[in-house]
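The values are calculated or read from the model by the stated rules, or taken from the named source; none is laboratory data. The shown structure was predicted, so the numbers you read here are calculated from the model rather than taken from an experiment. Using ideal geometry, Cβ is built from the backbone for each residue, glycine included, and neighbour counts are taken over all protein chains shown. Surface accessibility is based on the protein's heavy atoms, side chains included, excluding ligands, DNA and RNA. Shrake-Rupley method; radii C 1.70, N 1.55, O 1.52, S 1.80 Å.
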Amino acid sequence: MTETFEITRVDEQGGKGFEKVFAFLRERLLAGALKPGDRLIPERELAAQLGVSRPILREALRALTVLGIVEIRDRVGTIVRRPDISVLNDFFTFALAHRADLMDDIVQARVAVECQSIRLAAERASVSDLERLQAALRRIEATIDDADLGALADFDFHHAIVQASGSETLRVLYDSMSAVLMRSHVDRRHLVRIFDMRTYLIEDHKRVFDAIVGGDPEVADRSLREHFAIGDEFRRKLAIEGGRRAGTPD
């Protein structure tokens, strides 16, 4: 059964209507006063208490439905929803797509999120987490000659590390960047063919898995950083080779 919550007027001098509506929902969600499934009070009362016009309120609520934060139901009202992470995924993709150094930047974000995740995973990983990692390892080996399927298996392995951390915040951050993260996996998989890294790729992921099983956060962190460093070194070699070929006269 849904609950209806009263609100207090948001006093933002000079604030625009949209900002008032967004600020109200943001603060109430952070405070825990509003939860998924709760129903907002009727539009007329909400507009009056926020000090905005009903057209502005409706427009703001429609914008929030696109973000997946609320749902407007006929004869029911406006219901608070649990936001869909895919919306953030699209936002990150469009926000970062123009960056010339996107891959370097996204790898640094991966290092930050995954290295903290693997430290936690070494301490918290459940049997289900280990089974998920093992399944991804088997897929990495089975798809070693397929760049696209291999990249997906690789992503699933690293995603499983984040899941094994037990941190909902880290998981949301990782999921919100999944589209651009997948691009980094695809790019790295092409290095496998160029440098014939098939054996290395399989064995190195097993090494990372063993570090999690070992339960030592320091060892797990170091193993993953080494994993990233080796991939970066091969990217560097490819860039150097490409530069030399480009400078060779025809």
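One table, with the values for the structure above:
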{"quantity": "Single match in 149, 137, 173 (criterion: surrounded by fewer than 20 Cβ atoms within 10 Å (Cβ to Cβ) and within 20 Å of residue 217 (Cβ to Cβ))", "calculated": "173"}
{"quantity": "Residue in the range 41-50 that is at pLDDT 90 or above, of a type in the set (Val, Ile, Thr) and open to solvent by less than 70 Å² (accessible area, probe 1.4 Å) present", "calculated": "yes"}
{"quantity": "Which listed residue, of 95, 109, 151, 122, is assigned to a helix (DSSP H, G or I), within 23 Å of residue 23 (Cα to Cα), among the small types (Gly, Ala, Ser) and under 21 Å from the mean Cα position of the chain (by Cα)", "calculated": "95"}
{"quantity": "The range 205-216 residues that are of a type in the set (Gly, Ala, Ser), paired with ones that are open to solvent by 30 Å² or more (accessible area, probe 1.4 Å) (beta carbon under 8 Å, 6 or more apart)", "calculated": "211/219; 211/222; 215/123"}
{"quantity": "Enumeration of residues in the range 105-121 that are over 20 Å from residue 229 (Cα atoms) and in contact with a helix residue (DSSP H, G or I) (Cβ under 7 Å, 6 or more places away or on another chain)", "calculated": "121"}
{"quantity": "Answer residue from the range 59-83, given it is among the charged types (D, E, K, R) and open to solvent by 80 Å² or more (accessible area, probe 1.4 Å) and is nearest to residue 18 (Cα to Cα) among those", "calculated": "59"}
{"quantity": "Qualifying residues in the range 181-223 (those that are of a type in the set (A, V, I, L, M) and modelled with pLDDT of 95 or more) - the one surrounded by the fewest Cβ atoms within 10 Å (Cβ to Cβ)", "calculated": "213"}
{"quantity": "Matching option when the condition is touching a His at 6+ places or on another chain (Cβ under 9 Å) and within 24 Å of residue 167 (Cα to Cα), among 27, 114", "calculated": "114"}
